[in-house]
Amino acid sequence: MSELTFEKIDQTVLETLKPPDRSYWLTVGILFLGVLTGAACWIYQILTGLGVAGMNNPVAWGTYLINFVFWVGIAHSGTLISAILHLLRAGWRNPIARAAETMTVFAVCIAGLFPFIHLGRVWMVFYMLPVPNQRNLWQNFQSPLMFDVVAISTYLTVSSLFWYTGMLPDLAIIRDRATGVRKKIFKIISLGWTGAHEQWRHYARGYLFFAALATPLVISVHSVVSWDFALGIVPGWHTTIFAPYFVAGAIHSGLAMVLTLMIPIRKLFHYEKIITVNVLENVAKTIIFTGLIVAFSYATEFFMAWYSRNPLEVAIFKYRPTGDYAVGFWIMVICNTMVPLLFFFKRFRTTILWLFVISIFVNIGMWYERYVIIISSVSHDFIPHAWGLYSPSIIEFGIMIGSFCLFFFLYLLFVKHLPSISMTEMKEAVGQGASHAD
Amino acid sequence: MGLFTDENRAVSAIEAVKGSPWQLRRVHSPIPSHKISEALNLKKSKVGWFTLAGGITGFFSGFLLAVFTATQWNLIVSGKPVVALVPFFIVGFEFTILFAVFGNVAGLIHQMQLPEFKGLEEYDPRCSGHHFGVTVSCKADDLEGLKHFFQDKGGEVKVISNGFV
C-alpha cells in the first residue's frame, strides 16, 4: 500500500469505469437471461398458484424462506465491514468497504423479494403495511413476521443511504474527470460536492453517526430474522441461542461472499496493489473467528437438546445428522466449521485460489445451514403421522437461480458504472502528510 | 486559489493567511483532514442534534404505531397484553434507527447545504484528486502579493475571479 499515491488510486479505480468490452456485455446478457428465467417462474407461480412450488403440509416454508434468510445473511457483512470495522478503525477494511456495502444493498433487495414470492398472492402484500384499508384491519406488531417487515425495510433504507452518502466524494471525483452527458449526470448525483472544509466537517460527523446507527441495526435485523423461527414452538427452532447464532452465521456467509466477489474483481480490474493479499488474509482470519462461533452454536444446540431431556428436542437433533436431510446437515457442518479451519494455515490464507475455493464452500455450507434449520424441523416436528418430506420443485429452482443471477447481474452493472473501491477511503488509508502526486 | 500537493504546505499556508490582511474563504481537500480542521479551528458539527431528534421521534413513532394498531381490535394474542411492551419495544427500536438515519441525512443536507452547484464555480477539479486548495480573497491591488505568497508556500496559483485567488 506504501507504493500507492492519491493519483494512482484515482487512476486505478477510474480505469475500471471505461467502456467495457464484449465479454462483459455477454456475461451481463447471460445473467439477464437467468433473471428472466426466475421472473418467468414467478409469473407462472402467480398465474397457477403456490401449489407449483414443492411446499406442502407440513413443510410450508421451503426454498423461498431459505433464500430469504440466506440473502439477508449475505447482506450482513457489508455493514460489518463498512460500519463496525470503521468504528474499530480497522484500516484493512478500506479497500473492500464499498464492494461489501454494495453487496449489502443488492442482497437486501433480493432478500426482500422472497417474502413477496412466498406470499403466493403477492398483491395482498399491503396487509403487512400499516396503511388504512376498507376493513379497518391493522397489523399485529406482536408477531416476529411484522418485526421482520419493519427490520428489513429499515435495513434496506439505512444501508442504501449509507452506501450513497459514502459514495458522494467519489462521485465528485468521477464528475471532475468526466465529459459530456456523463459529467452532467455525475454533477447531479454528486450534489455539487467540492470537498470544502465545511462539507468535510459535517460529513465526517454524519458518517460516524451512520456507522454507529448501522452497528446495532445489523445485529437487530438478523436477530429479528432468527425470531421468525425461535418464537415458534417447533422443535429445533425454539431456542434462545438463535439470535447470536444467526448473526454470527450471517457475518460468516457475508465474509465468504466478499471473498467470492472481490477475488475475481481484483484480478479483472488489476486491483492487486489496492486489495492486497493482506486484506484478503484479514477477511480469512475473521472467517475463522465467525466459523468457530458457528461451530460452537451447532455444538450448543446438540448439548442443550441432550441436557434438556426434552424428547422432541432430542428427536430432532438425532434426526438432523441421521435422517432424511443428513446429507445437507453434513455439508453444513463440513463447509461451515471444518473447511474454514484451513485458514489457520498461512498458506491457505495467502493463496488466492484457496481463498476463493474455501469461500465457495462456506457459501454452499451457509445455504445448507438454512435448509437444514428450516426444512428438518417442520418436516419432523411433533406427531409422527404428521411428518412429511420436502424437495424443491423446478419452479423453486428457477426462482433461486434467478435470484443468484439478479445479484451478480446488478453487481456487474455496478462495478463498471460506479467506483467499486472507495477512492476517498483508500486515500485516507494511504496516509496524510506526504506529497500526494506521483 | 493556492493548490498544494502536500497537506502540510496547505496547512502552513492557512496558518500564514490567518495573520494576513487577506480573507480565507474556503479550503478544499480530497480527504477529511484533521490538520486542516485544527488549523481552521473548526467547531464540532451540529449534525448529531438532527440525528438525536430523529431517533427520539422514531422511537415514539414506532412504539405508538404498534400501540395504535393493537388497540384497534383489543385482541389478546398468545396470552400477551394488548399493549405488550417487549414486542413493541422492538418496533420502537427499529424506528429509532430509521428515523435517526433520516435525521442524520436531513442534518447533512441542511448543514452541508447540498445540493449546491454554485460552489463549483470557485473550485478546481484537481481538489477531488490529489490537491489541497486554499481559497483566499483579496483586494485587486493585493493580487500579485497573494500570488507570490502562495508560490513561496510551494503552491500553484489559480485566479478564480477578481479578488478570489
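Okay, here's what the table says:
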read-out: Computed FRET value (nearest 0.05) for A:Trp387 with B:Glu116, which takes r as the C-beta separation and R₀ as 60 Å; value: 0.40
read-out: Zone of A:Thr179's modelled label, taken as backbone nitrogen in region B:112-149 under 20 Å from a point 7 Å along Cα→Cβ; value: B:124-129
read-out: Intensity falloff of region A:122-188 expressed as log10 I(q)/I(0), Debye formula with alpha-carbon point scatterers, at q = 0.18, 0.25 Å⁻¹; value: -0.74, -1.07
read-out: Computed E for A:Arg135/B:Val83 - FRET, C-beta separation, R0 25 angstrom, nearest 0.05; value: 0.65
read-out: Extension reserve of the A:Gln11-A:Tyr164 stretch, reckoned as 0.36 nm per residue once the Cα distance is removed; value: 52.9 nm
read-out: Region A:1-114 - Debye-derived log10 I(q)/I(0), Cα point model, q = 0.11, 0.14, 0.19, 0.21 Å⁻¹; value: -0.61, -0.86, -1.14, -1.21
read-out: Theoretical gain in end-to-end length, A:His238 to A:Ile360 [0.36 nm per residue, Cα-Cα removed]; value: 40.9 nm
read-out: Among A:Ala151, A:Ala172, A:Ala107, residue whose mean-square fluctuation peaks in a GNM of chain A (springs only between Cα atoms under 10 Å); value: A:Ala172
read-out: Kyte-Doolittle mean at least -0.5 and Cα axial length at least 27 Å: DSSP H helices in chain A; value: A:22-48, A:94-119, A:144-177, A:197-230, A:242-268, A:277-308, A:352-371, A:394-417
read-out: D_trans [Stokes-Einstein, Kirkwood Rh over alpha-carbon pairs] for the protein assembly as shown, 37 °C, 0.692 mPa s, µm² s⁻¹; value: 125
read-out: Theoretical gain in end-to-end length, A:Val277 to A:Tyr127 [0.36 nm per residue, Cα-Cα removed]; value: 49.1 nm
read-out: Straight-distance crosslink candidates among aspartates and glutamates, where the alpha carbon sits under 15 Å from B:Lys43 and sequence neighbours closer than 8 are dropped; value: A:Glu198
read-out: Value of [θ]222 nm, deg cm²/dmol, for the protein assembly as shown, DSSP H segments ≥ 4, -39500 (n - 2.57) each, nearest 500; value: -21000 deg cm²/dmol
read-out: Of B:Lys118/B:Lys147; A:Lys183/A:Lys285; A:Lys184/B:Lys158; A:Lys427/B:Lys46; B:Lys44/B:Lys118; B:Lys35/B:Lys158, those spanning more than 30 Å from alpha-carbon to alpha-carbon; value: A:Lys183/A:Lys285
read-out: Modelled FRET efficiency - R0 22 Å, A:Glu3 with A:Arg89, Cβ distances, 0.05 increments; value: 0.45
read-out: Sorted by Cβ neighbour density within 10 Å, fewest at the top, the residues A:Ile274, A:Ile293; value: A:Ile293, A:Ile274
read-out: Simple label model, 7 Å out from Cα along Cβ direction - A:Phe302 to B:Ile160, nm; value: 6.8
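Coordinate-derived values only; no laboratory data. It should be emphasised that the depicted structure is a prediction, and the values quoted were computed from it without experimental measurement. No Cβ is skipped: glycine too gets one built from the backbone with ideal geometry, and neighbour counts run over all protein chains shown.
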